[in-house]
Every structure is written in structure tokens, then in C-alpha cells.
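Nothing in this text is a laboratory measurement; each read-out follows from the coordinates by a stated rule. This one's a predicted model, so the numbers in the text were calculated from it and none came from an experiment.
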């Protein structure tokens, strides 16, 4: 390479961006889940879903490029949040007769998650 020449940027494959973000999101999900989950109510799942909804909302509404969305949105937020754990925990609550907690799980994940996205959108719009 000659003096003053710049190297061409290295293209990182989309799957590598998603995998790297996913590794961070999965580890964070495990840490949060084990720190706040309770037997009586899936608080860890609710927490990661609401926080993840806020973060994904912020990343989505910020003027960032496709690579950032793949890394932070699809990768990190995708691995951090969990619809499957929410579904299983809610069914388990229902099956053991905790109908009110099952309903609270559905309402909490849905309404708080949507609210978190709305707050993120409003904050980003105010920037």
C-alpha cells in the first residue's frame, strides 16, 4: 500500500453481526433473568422483555445504519428478549391455577413492552 492510501473497509457478514450481538444479548438475558426471576412470577422474563422492547425501539427509531440494526436490534435485542419463555411461564402459571398471575404476565409483557417502545420512540423523536 502506498503512503497516504487508505485501506478498503472490511465488510462483516450480516450473520457475524447478528451472532456477535446475540452472544451479548443472551449473556445479558441470563444475568438479568437469574438476578430477578421469582418462582411465583416470571419477573426476569418480564424485565428482559420490557427493557429489550425499549432498547429495540430506541435502535429502530434512531437514524442508524443497517449494520447497527443487525448487531443491536436483531442480534442483541433478539437474544435478550424472549417470547418463548414468556409463553411457557404463562402457561405454567395457568396450569398450576395461578390464573390472575398468568393474566398479569400476558398484560404486563404486552402493555409494558408496547409502552416501552412508545417511550423510546418519543425520546428519540425529542433528540
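Among the listed values (1) 1.14; (2) 1.00; (3) 0.93, the one computed from these coordinates for Rg/Rh (Cα atoms, Kirkwood Rh) is (1). Rounded to the nearest 10 degrees, what's the angle between the helix 83-95 long axis and the longest principal axis of the chain, both from Cα atoms, 0 to 90? Between helix and principal axis, roughly 0 degrees.
Under the rule a/c < 1.5 gives rounded, and otherwise a/b versus b/c splits prolate from oblate, where does the stretch 70-127 land using the Cα gyration tensor? It is oblate, given that a/c is not under 1.5 and a/b is not larger than b/c. If you find the alpha carbon centre of the stretch 99-127 and of the stretch 65-88, how far apart are they in angstrom? Taking the Cα centre of the stretch 65-88 as reference, the centre of the stretch 99-127 is 16 Å away.
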